[in-house]
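Worksheet for the structure shown next.
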Amino acid sequence: MSGRRMRNAIHDILTEAGENVNGDLNVVIAGLCNIYSNYVTTYEEYQVQRYEGASTLYGPHTLDAYINQYSNLARKISTNESVDPGPNPPDLRSKQITLITSVPYETPLFGYRFGDVIIDANNEYIPGSTVNVSYVCGNPRNNLMTGSTFVKVEYRDPPDFEWKLIATDADWETKFFWKKIHVMLQQSICIVEWEIPKEITIGDYHIVHQGYYKEIGRAHV
């Protein structure tokens, strides 16, 4: 019912603004709130306080607030007017705490350097098989690689023989594992698995791991 009331309100606003000339205007709600808003029930449903009503976090007039704001946006869209961005949310980063300690230091496995390959890939694979490689690496918490990736699978494009990115750790076909080998020495390895797609182009590929490590005596990675 909440969605129906919101759609009807926006439909009426756009119709009054002349956006429904042919009578085929269809209002669609895409609920991409990422759970910050939780449920949005009607005023009447909120009074009953069953699961949905009790999970409407911002009170009985939440739906009315949504309808008010979206109706205003609909008017602005129809008249091509700008919208006041409103106040900026407070920056609370300086007040946040964490119980996870930072990485104190790290050392590579004996006989290796950070970034060295421990188990390399075979020279050839068939589509549908799985590649497993491992590296000497640092703790992923040194840098979460936000906006980047711990893993890159690249294909050497024949025309210019440049490496072309085809997969990262965000793809279903790749898996990235981190394993601590020695607690006192803070030694770690990273394992990468790549499930080769069956429809892949035959050619040359390589797997790249990228990350950060913290050496003894250095305050930063």
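The values are calculated or read from the model by the stated rules, or taken from the named source; none is laboratory data. Please read all numbers here as calculations on a predicted model, not as lab measurements. Here Cβ is always computed from backbone atoms with ideal geometry, including for glycine, and neighbour counts include all displayed protein chains. The area values use the complete protein model at the heavy-atom level, side chains included, leaving out ligands, DNA and RNA. Shrake-Rupley method; radii C 1.70, N 1.55, O 1.52, S 1.80 Å.
Looking only at region 168-175, decide whether some residue is in contact (Cβ under 8 Å) with a residue 24 or more places away in the chain and of a type in the set (Phe, Trp, Tyr).
No: zero hits.
Hey, can you tell me all the residues within region 118-144 that are of a type in the set (A, V, I, L, M), more than 16 Å from Thr107 (Cβ to Cβ) and surrounded by 14 or more Cβ atoms within 10 Å (Cβ to Cβ)?
Step one: list which residues in region 118-144 are of a type in the set (A, V, I, L, M), which gives 118-119, 121, 126, 131, 133, 136, 144.
Still in the list and also more than 16 Å from Thr107 (Cβ to Cβ): 119, 121, 126, 131, 133, 144.
Matches in region 118-144: Ala121, Val131, Val133.
Name, by its number, the condition in (1) without any contact (Cβ under 8 Å) to a residue 40 or more places away in the chain; (2) in contact with a helix residue (DSSP H, G or I) (Cβ under 8 Å, 6 or more places away or on another chain); (3) not β-branched (Val, Ile, Thr) that does not hold for Asn88.
Every listed condition holds for Asn88 apart from (2).
Would you pick out the residues in region 2-44 that are assigned to a loop (DSSP other than H, G, I, E, B) and either polar (S, T, N, Q) or at positive phi (or both)?
The first filter runs over region 2-44 and keeps only residues assigned to a loop (DSSP other than H, G, I, E, B), leaving 17-37, 39-42.
Listed by number, the residues that qualify are Gly18, Asn20, Asn22, Gly23, Asn26, Asn34, Ile35, Ser37, Thr41, Thr42.
For residues in region 179-201 being in contact (Cβ under 8 Å) with a residue 60 or more places away in the chain, open to solvent by 40 Å² or more (accessible area, probe 1.4 Å) and in a loop (DSSP other than H, G, I, E, B), which is nearest to Asp116 (Cα to Cα)?
Leu185
Just checking, which of Ser78, Ser94 is of a type in the set (Gly, Ala, Ser), surrounded by 13 or more Cβ atoms within 10 Å (Cβ to Cβ), over 30 Å from Tyr205 (Cβ atoms) and out of contact with any His (no Cβ under 9 Å at 6 or more places or on another chain)?
Details: Ser94 fails: surrounded by 13 or more Cβ atoms within 10 Å (Cβ to Cβ).
On inspection, the qualifying residue turns out to be Ser78.
Which of the residues that make up region 45-82 are more than 26 Å from Leu14 (Cβ to Cβ), without any contact (Cβ under 8 Å) to a residue 12 or more places away in the chain and part of a loop (DSSP other than H, G, I, E, B)?
Result: Gln49, Arg50.
Could you please tell me which pairs satisfy a Cβ distance under 9 Å, a separation of 6+ or placement on different chains, a first residue in region 1-27 that is within 14 Å of Asn68 (Cα to Cα), and a second residue that is acidic (Asp, Glu)?
Every condition considered, the pairs that remain are Ser2/Glu45; Ile13/Glu19.
Quick check on this structure: which one of Val103, Val153 is part of a loop (DSSP other than H, G, I, E, B), among the β-branched types (Val, Ile, Thr), surrounded by 11 or more Cβ atoms within 10 Å (Cβ to Cβ) and within 25 Å of the chain's Cα centre (by Cα)? It would help to see each step written out before you state the result.
Values: Val153 fails: part of a loop (DSSP other than H, G, I, E, B).
It is Val103.
When residues of region 1-43 are filtered for being surrounded by 15 or more Cβ atoms within 10 Å (Cβ to Cβ) and of a type in the set (A, V, I, L, M), how many remain?
Number satisfying all stated conditions: 7.
Would region 45-62 turn up any residue that is of a type in the set (Phe, Trp, Tyr) and open to solvent by less than 60 Å² (accessible area, probe 1.4 Å)? Can you show your working first?
First, the residues of region 45-62 that are of a type in the set (Phe, Trp, Tyr): 46, 51, 58.
If we keep only those that are open to solvent by less than 60 Å² (accessible area, probe 1.4 Å) too, we end up with 46.
Yes, there is a match, as at least one residue in region 45-62 is of a type in the set (Phe, Trp, Tyr) and open to solvent by less than 60 Å² (accessible area, probe 1.4 Å).
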